[in-house]
Amino acid sequence: MSFAIISIYFVSIFAAFLQGETAAAGAAVLEGTREALRFAPELAAALCLWSAAGELLERGGAAEALSRLLRPFLRLLFPRGARDAETLAALSENLGANMLGLGNAATPAGIRAVRGLQRLGARFELNTLVVLNTASVQLLPTTAASIRGALGSRSPFDITPAVWISSALALAAGLTAVHILNGGRS
Amino acid sequence: MPLLVLGAILTAAARGTDVYEAMTAGAKKGLLLTWSILPSLLVIFPALRLLRASGLPELLGQVLQPLFTLLGVPEETGILMLLRPLSGSGALAEASELIQRHGPDSLIGRTAAVMLGSSETSFYVIAVYFSAAGVKHDGRALPAALLADLVCFLSSAWICRLLWG
């Protein structure tokens, strides 16, 4: 990550120096900083709205309600983990919070679920859980839509169906890969 | 969207939650999130301006263009795809810069938004889950997650081109 960005600085400044355009490079850096500062308050406005809505959903018990609905699906995906009540609760809390975009609530539940699966010796299901968390299962792409809204999109959420299809394909590929890497056993 | 906010207020109120207090707590989280992203914005926005001013993207674009064209992915999203699994705030900053430069309702702007919205910071998630739970990584979750990211980027580009190309 840091390497990619530092390389961009290094190579670009070096190229500007070779072309004798160091003044233009200096102007570009300042302009970029200004753009970032102009964009931040617009982004904050949208993110605050969605964080407030998320907080209400969390305190209103929406994540718990969703978790209960998810249990039959989780029994299919985690047959061994679902037999342990504590692990099933952690799994459903993790997935429910992820679907609502409540990352702060999802991580502790996810860690409890990983520990539970480890204790049960369900190594395959442990990898399934991790891949489920590295794929996005969020119902509404609030962050991407916030950025679009902050930059003047007329309908920031019109990308939602595309996000769903793309997430579903990625998740299917990830789960299939875990299965294959596990030698087809489950 | 106003309906969703209304629904959230009603469910929280029905449970006896202090709605005002919950909303201010949420707004604070939004501010803290922006605050945590701002340093990345301040480093990545100038980096990309600088890169464009250097004329290197055109040069590199000509070399890599056949590959991107073959895959059906806009070459402008190259850096975003590279950053996405590694850094959440870095990817957010890069996607923002792309969306700002090309416009939120342009094909490239939409592709960047869909890529960002349909993936997660895979390396970070794997590191947190395995280390916090004290479990050893058996070398299966990471390749599976990265394959999923690749599928996510390709399908994002294809779906956007189909819908808005």
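Throughout, read-outs are computed from the coordinates displayed, never taken from laboratory work. Because the structure is predicted, anything quoted here is derived from the model rather than measured. Backbone-built Cβ (ideal geometry, glycine too); neighbour counts: all protein chains shown.
One equal scatterer on each Cα of the protein assembly as shown, no solvent, Debye formula: the resulting log10 I(q)/I(0) at q = 0.10, 0.14, 0.15 Å⁻¹ is -0.64, -1.18, -1.31. With a simple spin-label model that places each label point 7 Å from the Cα along the Cα-to-Cβ direction, the separation between residue A:77 and residue A:154 comes to 3.7 nm.
May I ask for the Rg/Rh ratio of segment A:86-186, computed from Cα atoms with Rh as the Kirkwood radius, given to two decimals? Walk me through the numbers on the way to the answer.
Values: Rg = 15.8 Å, Rh = 14.8 Å.
Radius of gyration relative to Kirkwood radius: 1.06.
Residues A:146, A:2 in ascending order of nearby Cβ atoms (within 10 Å, fewest first): A:2, A:146.
What trypsin sites (Lys or Arg not before Pro) in segment A:104-186 are in a loop by DSSP, with at most 10 other Cβ atoms within 10 Å of the Cβ?
Values: sites: A:112, A:115, A:119, A:123, A:148, A:154, A:185; in loops: A:154, A:185.
Listed in order of number, the matching sites are A:154, A:185.
Neighbouring Cβ atoms from other chains, within 10 Å of the Cβ of residues in A:95-107, number 1 on average.
Run the numbers for residue B:52 and residue B:3: contour at 0.36 nm per residue of separation, minus the present Cα-Cα distance, in nm. Write out the running numbers ahead of the final one.
Working: separation 49, 0.36 × 49 = 17.64 nm, distance 4.17 nm.
Contour length minus Cα-Cα distance gives 13.5 nm.
If each residue's Cβ is checked for other Cβ atoms within 10 Å, how do A:178, B:5 rank with the fewest at the top? List each step's numbers first, then the result.
Numbers: A:178 26, B:5 16.
If I rank by nearby Cβ atoms, fewest first, I get B:5, A:178.
For segment B:38-164, the alpha-carbon radius of gyration amounts to 1.13 times the rule-of-thumb value 2.2 N^0.38 Å expected for a compact globular protein. Using only the alpha-carbon atoms of segment A:54-133 as identical scatterers, what base-10 log of I(q)/I(0) does the Debye formula give at q = 0.23 Å⁻¹? For the requested q values the scattering log ratios are -0.99.
With n ≥ 4 as the cut-off for DSSP H runs, can you work out [θ] at 222 nm for chain A, using -39500 (n - 2.57) per run divided by the number of residues, rounded to the nearest 500? List each step's numbers first, then the result.
Details: 8 runs with 146 residues, N = 186.
For chain A, the value works out to -26500 deg cm²/dmol.
Segment B:106-148 and segment A:41-92 have Cα centres lying 19 Å from one another.
Across chain A, the volume of the C-alpha convex hull divided among the residues equals 163 Å³ per residue.
Could you let me know the centre-to-centre spacing of segment A:112-186 and segment B:1-26, using Cα atoms, in angstrom? After rounding, the separation between the Cα centres reads 27 Å.
Using the 10 angstrom Cβ neighbour count as an exposure proxy, how do B:131, A:12 rank, fewest first? Write out the running numbers ahead of the final one.
On the way: B:131 12, A:12 25.
Lowest count first: B:131, A:12.
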